[in-house]
Amino acid sequence: MLVVMEDPRWLSPQEQRAWRAHLAAHRLLFYQLDRDLQGSGLSLNDYEILVNLSESPEHRMRMSELADATIQSRSRLSHQISRMEAAGLVVRENCEDDRRGTFAVLTGRGWEIIQKVAPDHVVSVRRHFIDLLTPEQIALLDEIYTPVVNHLQSVRSPR
């Protein structure tokens, strides 16, 4: 719930620069990582789904859990999974113990693609983010973003 204050605490010039730098860095990094994946035929969203599935037991996740993990609406994820099914990367399977539940399952082709693409993706992440920072800056980012992520996860409403 957004609380509107009568007298907002406007951002200081330094806070404004930091906020805008964060937004620009996030957008530009997402754009570049997505662009670097184009040769593989995957989008960054596709890659994120494949990673989540590849790291899950039996390479499967409930669609609702996958939507939460990738911060997507259920309907958006469903459309994306349909495209990925058409490409042979994933399949849907009904949940045995919950008739309404559906799993997204990584196919053999999806597993081969993630294994092939992951090394190039990590090179891209290093080139455009990690290697531009010192180990101290990486540790500081972890320290900075962990409470922000924890807060946002706690206030996030179910989809």
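The values are calculated or read from the model by the stated rules, or taken from the named source; none is laboratory data. These numbers come from a predicted model, not from an experiment. Virtual Cβ from ideal backbone geometry, glycine too; neighbours counted across all protein chains shown.
In the condition set (1) among the hydroxyl-bearing types (S, T, Y); (2) assigned to a helix (DSSP H, G or I); (3) surrounded by 13 or more Cβ atoms within 10 Å (Cβ to Cβ), T146 is compliant with all but (3).
Would you point out which residue out of S64, S43, S73, S82 is closer than 24 Å to E96 by Cα and under 14 Å from the mean Cα position of the chain (by Cα)? Outline the logic, then answer.
Working: S64 fails: under 14 Å from the mean Cα position of the chain (by Cα); S43 fails: closer than 24 Å to E96 by Cα; S82 fails: under 14 Å from the mean Cα position of the chain (by Cα).
Matching residue, one of S64, S43, S73, S82: S73.
Residues of the stretch 76-106 that are in contact with a helix residue (DSSP H, G or I) (Cβ under 9 Å, 6 or more places away or on another chain), under 24 Å from G41 (Cα atoms) and among the small types (G, A, S): S78, A87, G88, A104.
Residues that are of a type in the set (D, E, K, R) and assigned to a helix (DSSP H, G or I): does the stretch 58-66 have at least one?
Going through the stretch 58-66, the residues of a type in the set (D, E, K, R) turn out to be 58, 60, 62, 65.
Okay, now just the ones that are also assigned to a helix (DSSP H, G or I), so 58, 65.
There is at least one residue in the stretch 58-66 that is of a type in the set (D, E, K, R) and assigned to a helix (DSSP H, G or I).
Out of S124, S82, one residue alone is modelled with pLDDT of 95 or more, under 18 Å from L33 (Cβ atoms), of a type in the set (S, T, Y) and assigned to a helix (DSSP H, G or I). It is S124. R99 meets the conditions (1) closer than 30 Å to V123 by Cβ; (2) exposed (fewer than 15 other Cβ atoms within 10 Å of the Cβ) in every case but one. The failed one is (1).
With respect to (1) without any contact (Cβ under 8 Å) to a residue 60 or more places away in the chain; (2) out of contact with any Cys (no Cβ under 8 Å at 6 or more places or on another chain), the lone exception for G110 is condition (1). So which residues in the stretch 55-70 are in contact (Cβ under 8 Å) with a residue 40 or more places away in the chain and exposed (fewer than 15 other Cβ atoms within 10 Å of the Cβ)? Selection gives E58 alone.
Across the stretch 20-54, the qualifying residues are those that are in a helix (DSSP H, G or I) and among the hydroxyl-bearing types (S, T, Y), and the one among them that is surrounded by the fewest Cβ atoms within 10 Å (Cβ to Cβ) is Y31.
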